[in-house]
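Novice: Would you mind keeping the following structure in view while I ask a few things?
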Amino acid sequence: KTTKMRLRTKIINVDLFLKLVQSVEKIGKDCVLHFSPSKIEIVMTSDITNGMQVWAVVGSKHIFDEYKIESQNSNEIAFSIQLDNLNKALRSSLQASEVVMKLCKKNGLPNLSFCIETQAAQLIAVFQDLPISILSAAQLANLVEPTLPDPEVYIMMPQLKLVQKVIDRLKNISDYLKIEANMAGNLKLSIQTDIVEIITFYSNLTHPQIRGQEPPVQTAEISAEIKVDIKKFSKFLYSHQVNPTNVICCLIENRALVFYVLLEDDLHMTYYLPVLLS
């Protein structure tokens, strides 16, 4: 009995798809692509990445056209794929006049196949078949985002590119980064070694209104601090490539540091960083 599984689409925004893949690739080598009728998720879970997770959600209309998906699992399909293969296929597609991506079998094994057409003096079509490993319905059911308590503090991040310049210098000095923030618009990033302590202050940051919650109370009385692996923090900062409109930092003391990287309602990335208990 063969399971009917079909996925075929044109990629109309190669650049965005590539930037999302490159941001996730900073964290690990493989990810899960989860396709459903209205959206695609790019997921990297913590078993691969030593505690760090990223979940990117993209409404299919942002990157696909003529998007057709069919499966016996509520028309959802998920598979793991090596990110460097996907990165190469998307990079080859940047100048293409048309890119079609579909599921196919090659020597009995599942592949994600790219047909990349380039219009020069004549039409040239290049095919790239990327090996994948299909997730069963049970494996897909186990792929769930972490549930965490509400954060003590949530605050809008300053421009990530500017923060990256600071962190690039600090990560050569220390392995750990302390993040302190309050509900009065203040954020403090610091490192400490036996010889030196370096602190970067940001102020006048805003606190977003979170859906379904009371408006934020602006007060320095509510504060939180967290210590994380500076290299993991640095990997999150590469999400500036997707040009987010807003990035919200959520501090959940002794549990997690969470970042919401927002582009549009149905286009966002969520990073989960484990905290170091001092």
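Novice: Can you tell me the orientation of helix 14-25 relative to the chain, as the angle in degrees between its alpha-carbon axis and the longest Cα principal axis, to the nearest 10?
Specialist: That helix lies at roughly 50 degrees to the long axis.
Novice: Separate question: N87 to I173: FRET efficiency via 1/(1 + (r/R0)^6), r the Cβ-Cβ distance, R0 25 Å, to the nearest 0.05?
Specialist: Step by step, r from the Cβ atoms, then E = 0.20.
Novice: Could you work out the local net charge near Q164, counting Lys and Arg as +1, Asp and Glu as -1, over the other residues with Cβ closer than 11 Å to its Cβ? Can you show the working numbers first?
Specialist: Numbers: positive: K161, K165, R169, K171, K235; negative: D168.
That works out to +4.
Novice: Can you bin segment 147-192 into rounded, prolate or oblate? Criterion: square roots of the alpha carbon gyration tensor eigenvalues sorted a ≥ b ≥ c, rounded for a/c under 1.5, prolate for a/b above b/c, oblate for the rest.
Specialist: prolate
Novice: Let me ask another. For Rg/Rh (Cα atoms, Kirkwood Rh), one of (1) 1.02; (2) 0.95; (3) 0.99 was computed from the structure I shared and the rest are decoys. Which label?
Specialist: The listed entry that was calculated here is (1).
Novice: Contour minus end-to-end for K39 and E264, with contour as 0.36 nm per residue of separation and end-to-end as the Cα-Cα distance?
Specialist: On the way: separation 225, 0.36 × 225 = 81.00 nm, distance 1.31 nm.
Once the chain is fully extended between K39 and E264, it gains 79.7 nm.
Novice: Follow-up. Near A125, within a Cβ-to-Cβ distance under 10 Å, what is the net charge of the other residues, with Lys and Arg +1 and Asp and Glu -1?
Specialist: With Lys, Arg at +1 and Asp, Glu at -1, the neighbours total -2.
Novice: Work out the length of the dipole vector of the chain about its Cα centre, built from +1 on the beta-carbon of each Lys and Arg and -1 on the beta-carbon of each Asp and Glu, and round it to the nearest 20 debye.
Specialist: 920
Novice: Return one whole number: the accessible area per residue of segment 224-278 in Å², for a 1.4 Å probe.
Specialist: Numbers: 2200 Å² over 55 residues.
Counting only protein heavy atoms, the per-residue value for segment 224-278 is 40 Å².
Novice: For segment 117-243, just say rounded, prolate or oblate: build the C-alpha gyration tensor, square-root its eigenvalues into a ≥ b ≥ c, call rounded for a/c under 1.5, and beyond that prolate if a/b exceeds b/c, oblate if not.
Specialist: Here segment 117-243 falls in the prolate category.
Novice: Work out how much length A125 to N243 would gain on full extension: take 0.36 nm times their residue separation and subtract the Cα-Cα distance, in nm to one decimal.
Specialist: On the way: separation 118, 0.36 × 118 = 42.48 nm, distance 3.10 nm.
Taking 0.36 nm per residue and subtracting the Cα distance, the gain is 39.4 nm.
Novice: Listed here are the pairs K68/K105; K39/K102; K4/K29; K4/K102; K26/K165; K165/K188; which of them are more than 21 Å apart at the Cα?
Specialist: Beyond 21 Å: K4/K29.
Novice: Per residue of segment 246-256, what does 6.51 cos²θ - 1.76 cosθ + 1.60 with θ = phi - 60° give for ³J(HN,Hα)? Whole Hz please, x for Gly and Pro, Karplus curve as stated.
Specialist: Once rounded to whole Hz, the list reads 8, 10, 9, 9, 10, 9, 10, 3, 6, 10, 6.
Novice: Once every DSSP H run of n ≥ 4 in the chain is given -39500 (n - 2.57) and the sum is divided by its residues, what mean residue ellipticity at 222 nm do you get, rounded to the nearest 500 deg cm²/dmol?
Specialist: Values: 7 runs with 54 residues, N = 278.
It lands at -5000 deg cm²/dmol.
Novice: Another one. Which peptide among 52-61, 110-119 comes first, and what is the full order, when sorted by highest mean count of other Cβ atoms within 10 Å? Before the final figure, lay out the partial values.
Specialist: Details: 52-61: 20.4, 110-119: 17.9.
Peptide ranking by packing, descending: 52-61, 110-119.
Novice: Also, quick follow-up: Would you please state which residues of segment 56-76 a label at A138 would reach in this model, taking the label point 7 Å out along Cα→Cβ and a backbone N cut-off of under 17 Å?
Specialist: 73
Novice: Please list the non-local residues whose amide H lies under 5 Å from the amide H of M183, H modeled 1.01 Å from N, same-chain partners needing a gap of 5 or more.
Specialist: T219, I222
Novice: Pairing the Cα long axis of helix 83-92 with the longest principal axis of the chain, what angle in degrees results, from 0 to 90 and rounded to the nearest 10?
Specialist: Helix 83-92 sits roughly 70 degrees off the main axis of the chain.
Novice: Here is a follow-up. For the chain, what % of the accessible area comes from carbon and sulfur atoms, probe 1.4 Å?
Specialist: 48
Novice: Right, here's the next one. Which three semi-axes in whole Å describe the equivalent ellipsoid of segment 219-278, each the square root of 5 times a Cα gyration tensor eigenvalue, listed largest first?
Specialist: Values for segment 219-278, descending: 22, 15, 9 Å.
Novice: With a probe of 1.4 Å, find how much accessible area segment 1-126 has per residue, and write the answer as a whole number in Å².
Specialist: 48
Novice: Given 0.36 nm per residue, what is the gain on full extension from S203 to K165 after removing their alpha carbon distance, in nm?
Specialist: 11.9 nm
Novice: Here's a follow-up. Provide the FRET efficiency to the nearest 0.05 for the L276-N13 pair, computing r from the beta carbons and using R0 = 45 Å.
Specialist: Values: r = 38 Å, r/R0 = 0.84.
Here the calculated transfer efficiency is 0.75.
Novice: Taking only Cα atoms, what is the 0 to 90° angle, nearest 10, from helix 160-170's long axis to the longest principal axis of the chain?
Specialist: 70
Novice: Now for a separate question. Quick one: compute the contact order of the chain, relative version, from alpha carbon pairs under 8 angstrom and 6+ residues apart, as a percent.
Specialist: Relative contact order here is 18 percent.
The values are calculated or read from the model by the stated rules, or taken from the named source; none is laboratory data. Note that the coordinates shown come from a computational prediction; the quantities given were computed from them, not determined experimentally. In this analysis, Cβ positions are derived from the backbone assuming ideal geometry, glycine residues included, and neighbour counts consider all displayed protein chains. For the accessible areas, the whole protein counts, side chains as well, though only heavy atoms, and no ligand, DNA or RNA atoms are used. Shrake-Rupley method; radii C 1.70, N 1.55, O 1.52, S 1.80 Å.
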